[in-house]
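Accompanying notes for the structure given below.
The values are calculated or read from the model by the stated rules, or taken from the named source; none is laboratory data. Fair warning: this is a prediction, and the values are worked out from it, not measured in the lab. A quick note on method: Cβ atoms are made from the backbone with ideal geometry, for glycine too, and the neighbour counts reach across all protein chains shown. Heads up: the accessible areas ignore ligands, DNA and RNA and are worked out on the full protein's heavy atoms, side chains in. Shrake-Rupley method; radii C 1.70, N 1.55, O 1.52, S 1.80 Å.
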Amino acid sequence: MFKKTARLTAVIAGLALAGTSAHANLLVNGGFETYEPGVQWAGDFADPNGDWTNTLTGSGVNSFVSSLYQDGPVLGLGNSLYVWSGYATVDQDVSTAWTASDTIDIGLIAADPWGGGNDYVTVALRDTSNNVLWSDTVTDMPSTATQYNWSVDASTLGVADGTDLNLAITGHDRAFIDNASLALAVPEPSSLALLGLGGL
């Protein structure tokens with residue numbers, strides 16, 4: 001009897017541990033830690049891996065730069081991306097096996113260290129033809145690094161399961177962004193344990 005109980009306890013513990021694993025970030029270079037050396041001004045941010053692309057529109061000086069070029073790591077997290085005056089967007093295509101029953105978790109750190117501007121950041125999920133499936137905007141960003149999180153019900157996207165997605169982040173006027181993430185939600189540890197018990 002003791003052996004069976006010990007085995008059952010071990011199985012439950014294993015299931016619980018399996019559920020505690022962090023969501024895998026499906027974006028490459030989501031912290032913008034790598035960039036083409038020597039790059040500094042408008043339109044010149046380049047991801048050596050070729051995963052992030054940028055688009056600049058509007059008037060004025062549009063700049064995506066490493067924070068190493070601008071007063072050190074402003075967000076205190078290493079490199080970040082900075083957009084100054086006008087609109088600029090970075091985006092990355094993501095391919096993963098999702099279904100309409102999934103939740104898509106999106107995260108972003110943003111700040112406006114200098115303030116005084118009409119600053120905002122728009123986060124959007126698009127299909128790879130750039131049709132917007134979901135979006136939200138962060139306005140009145142504080143001067144310190146702030147974590148923003150969204151949970152998107154995949155059933156509301158209106159596209160077929162498993163469609164390749166594109167995460168687009170648009171900044172306007174003195175917006176610093178960092179640590180972009182996109183992941184599929186996984187069951188809580190307690191849910192996994194109950195599923196395991198049901199199977200047993």
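Quick notes on this structure:
- Here the range 101-188 has 42 percent of its accessible surface on carbon and sulfur atoms, given a 1.4 Å probe and all protein chains in place.
- Net length gained if the chain between Asn118 and Leu77 were fully extended (0.36 nm per residue, minus Cα distance): 12.4 nm
- Residue-span extension gain [Asn49 to Asp136] - 0.36 nm each, minus C-alpha spacing: 28.6 nm
- Accessible area per residue for the range 103-177, computed on protein heavy atoms with a 1.4 Å probe, is 42 Å².
- Spin-label model, Asn25/Asp153: points 7 Å from Cα along the beta carbon direction are separated by 2.9 nm.
- Leu184 paired with Thr99, simple spin-label distance in nm, labels 7 Å along Cα-to-beta-carbon: 0.9
- Computed 3J(HN,Hα) for the range 158-173, one whole-Hz value per residue from the Karplus formula 6.51 cos²θ - 1.76 cosθ + 1.60 where θ = phi - 60°, is x, 10, 5, 3, x, 4, 4, 10, 10, 9, 10, 10, 10, x, 9, 6, glycine and proline marked x.
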